[in-house]
Amino acid sequence: MMTINEELRRTFEMPGIRVDLHTHSNASDGKMSPEELVRHAADSGVVLLALTDHDTCAGNAGAAAAAATAGIHFVAGIEVSTLWRGREIHVVGLCVDEKHPALKELLAEQRRLRDERARAIGEKLESCGFVNAYEETRRMAGNNASITRGNYTDYLFSIGAADTPGKCFASYLAEGRKAYVKPKWCTMEDAVRSVRLSGGIAVLAHPRCYDLNNKWLRMLITDFREAGGEAMEVSGSMQSPADRDFLQVLSREYALFASFGSDFHRECKYISIGGCRIDAGAVNPVWNHEKFRLEV
Ligand code: AMP
Ligand code: MN
Ligand code: MN
Ligand code: MN
């Protein structure tokens, strides 16, 4: 564990330096193992990386070890799926301690809910004619993986259910489609509380991805802050410069630290690891938070 000093802060803010605080490995629905992800990040010029798998910290130890080998800085993270006023909101935790009882308990319950939902999705896919859909998806994902609809997308694409992954998702797994199962998840407030209790910083993930108008977005940010949230993502993949500017302004207005990341799951045309940036002069970067700690 190391704290961050002035020199590192300056490094992270240098033009051209790559930082990524939102990524996935095959501990959830990413393609690469934590070790492969870290190597890919290092090869791409990333100097500071957080792994933020869906509802699991299982990849963090391996990623931290790989980061030490690769000579890059690493932050232990998580992305928790939550519910807020009936909507699905993602809470990223940075610098979390996965051994803390509050976080362990939350993630154990999320794991149970994920597996329960994955089985229910599997049953619905069975009735669409996909035999052993859950078992096959589980086999592809690995025994310990936190299964999301991303894993089901991979399975459906692998058996040729549609000609692109996007179409597989849209045809079967999207809200309102045949194999859609409404998730249960913990509340946004519970996720923020557990992340904080574990020593971490709660970050509102990709605020522009919830299809909220500005009034609702402001309500979300207000509730998130009241719950103890301390940062928000202001830059992500496939985002317009105008959106980034708007989120940067909101982060200042609500006195939230600014985080950012690609949401990398696999190599693809539109998303590159470390490819997102902030205007460090216009926001308060999350590495300025007193709790910001590096594993490596
Ligand atoms: P879940 O948390 O189980 O609802 O699954 C959400 C995951 O599905 C996301 O984290 C993505 O990895 C994946 N996903 C979401 N939308 C799409 C899409 N349009 N095409 C392919 N995968 C998607
Ligand atoms: Mn995903
Ligand atoms: Mn997300
Ligand atoms: Mn994500």
Considering every residue within segment 199-211, establish whether at least one is part of a strand (DSSP E or B) and of a type outside the set (A, V, I, L, M, F, W, C).
no
Out of segment 241-269, which residues are within 16 Å of ligand 1 (Cβ to nearest atom) and either open to solvent by less than 10 Å² (accessible area, probe 1.4 Å) or among the hydroxyl-bearing types (S, T, Y) (or both)?
G261, S262, F264
Evaluate segment 219-232: report whether one residue or more is under 25 Å from G166 (Cα atoms) and within 16 Å of ligand 3 (Cβ to nearest atom).
no
In the set I121, I72, I159, which member is within 15 Å of ligand 1 (Cβ to nearest atom) and either in contact (Cβ under 8 Å) with a residue 12 or more places away in the chain or polar (S, T, N, Q) (or both)?
I121
Regarding segment 270-277, can at least one residue be identified that is farther than 30 Å from D154 by Cα, at pLDDT 95 or above, away from ligand 4 (no atom under 16 Å from the Cβ) and open to solvent by 10 Å² or more (accessible area, probe 1.4 Å)?
no
Evaluate the following for V80: is it buried (at least 19 other Cβ atoms within 10 Å of the Cβ), away from ligand 2 (no atom under 16 Å from the Cβ) and assigned by TED's automatic domain parsing to the domain that holds A205?
no
Check on R225, in contact with an Asp or Glu (Cβ under 7 Å, 6 or more places away or on another chain) and basic (K, R)
no
When restricted to D154, D223, the only residue open to solvent by less than 40 Å² (accessible area, probe 1.4 Å), acidic (D, E) and under 28 Å from N60 (Cα atoms) is D154
Which one is farthest from the chain's Cα centre (by Cα) among residues in segment 147-168 that are within 16 Å of ligand 3 (Cβ to nearest atom) and either outside any helix (DSSP H, G or I) or modelled with pLDDT under 95 (or both)?
I147
Quick check, is L125 over 15 Å from I147 (Cβ atoms) and either open to solvent by less than 10 Å² (accessible area, probe 1.4 Å) or away from ligand 3 (no atom under 16 Å from the Cβ) (or both)?
no
Can you list residue pairs whose Cβ atoms sit under 6 Å apart, with the first residue in segment 233-260 being closer than 13 Å to R277 by Cβ and the second being assigned to a helix (DSSP H, G or I)? Count only pairs 6 or more apart in sequence or on different chains.
V234/L247; V234/Q248; V234/S251; S235/R244; A258/S251; S259/V286
Expected single match for in a loop (DSSP other than H, G, I, E, B) and either more than 18 Å from the chain's Cα centre (by Cα) or not assigned by TED's automatic domain parsing to the domain that holds V203 (or both) among V249, V283 is V283
Given (1) touching an Asp or Glu at 6+ places or on another chain (Cβ under 7 Å); (2) surrounded by fewer than 20 Cβ atoms within 10 Å (Cβ to Cβ); (3) in a loop (DSSP other than H, G, I, E, B), number of the condition N144 does not satisfy
(1)
Name the single residue that is surrounded by the most Cβ atoms within 10 Å (Cβ to Cβ) among those in segment 35-56 being within 17 Å of V96 (Cα to Cα) and in contact with a helix residue (DSSP H, G or I) (Cβ under 7 Å, 6 or more places away or on another chain).
L51
Which of the residues belonging to segment 255-280 are within 15 Å of G45 (Cα to Cα) and not in a loop (DSSP other than H, G, I, E, B)?
F264
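The values are calculated or read from the model by the stated rules, or taken from the named source; none is laboratory data. No experiment lies behind these values; they were computed from the predicted model shown. Because the Cβ atoms are built from the backbone with ideal geometry, glycine has one as well, and the counts that use them run over all protein chains shown. Ligands, DNA and RNA are excluded from the accessible area calculation, which covers all protein heavy atoms including side chains. Shrake-Rupley method; radii C 1.70, N 1.55, O 1.52, S 1.80 Å.
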